[in-house]
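See below for the structure under consideration.
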Amino acid sequence: MAKLEDLKVPEGVDPAKANRLIKWIIDVEAENDKTGQLNDSAMVQKIGKRIQSDVKCL
């Protein structure tokens, strides 16, 4: 697996925001793996909402 610092983000995307979002997704997925609280569809919705929220803040 590539290191987070080695990933390239598309031009015009703030690398700090992209890395923060990636770390959040990893944390949410890890927590859900432990608890099984959300199904795949709910996880997709949760992640999608966060991405849309972060994009609006650009």
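Of all residues in the stretch 2-12, those satisfying the criterion of being open to solvent by 60 Å² or more (accessible area, probe 1.4 Å) and either on the phi < 0 side of the Ramachandran plot or not in a loop (DSSP other than H, G, I, E, B) (or both) are Ala2, Lys3, Glu5, Asp6, Leu7, Lys8, Pro10, Glu11. Here Lys17 fits the description: in contact (Cβ under 8 Å) with a residue 40 or more places away in the chain and part of a helix (DSSP H, G or I).
May I ask you to verify whether Glu31 is out of contact with any helix residue (DSSP H, G or I) (no Cβ under 9 Å at 6 or more places or on another chain), assigned to a loop (DSSP other than H, G, I, E, B) and either surrounded by 10 or more Cβ atoms within 10 Å (Cβ to Cβ) or not aromatic (Phe, Trp, Tyr) (or both)?
Details: out of contact with any helix residue (DSSP H, G or I) (no Cβ under 9 Å at 6 or more places or on another chain): yes; assigned to a loop (DSSP other than H, G, I, E, B): no; either surrounded by 10 or more Cβ atoms within 10 Å (Cβ to Cβ) or not aromatic (Phe, Trp, Tyr) (or both): yes.
The answer is no for Glu31.
Identify, please: which residue in the stretch 34-45 is out of contact with any helix residue (DSSP H, G or I) (no Cβ under 7 Å at 6 or more places or on another chain) and in a helix (DSSP H, G or I) and is, among those, farthest from Leu7 (Cα to Cα)? Let's see the steps before the verdict.
The initial filter retains those residues of the stretch 34-45 that are out of contact with any helix residue (DSSP H, G or I) (no Cβ under 7 Å at 6 or more places or on another chain), namely 34-37, 39-42, 44-45.
From what's left, in a helix (DSSP H, G or I): 34-35, 40-42, 44-45.
Values: Lys34: 27, Thr35: 29, Asp40: 25, Ser41: 27, Ala42: 27, Val44: 22, Gln45: 24 Å.
Ranking the candidates gives Thr35 first.
A search for C-beta distances below 7 Å between a residue of the stretch 33-58 that is at pLDDT 90 or above and any residue that is open to solvent by less than 100 Å² (accessible area, probe 1.4 Å) and of a type outside the set (A, V, I, L, M), counting only pairs 6+ apart in sequence or on different chains, returns Leu38/Asn32; Leu38/Lys46; Met43/Asn32; Arg50/Trp24.
The values are calculated or read from the model by the stated rules, or taken from the named source; none is laboratory data. Only a predicted model underlies this, so the values are computations on that prediction, with no experimental measurement involved. Here the Cβ is made from the backbone with ideal geometry for all residues, glycine too, and neighbour counts use every protein chain on show. Heads up: the accessible areas ignore ligands, DNA and RNA and are worked out on the full protein's heavy atoms, side chains in. Shrake-Rupley method; radii C 1.70, N 1.55, O 1.52, S 1.80 Å.
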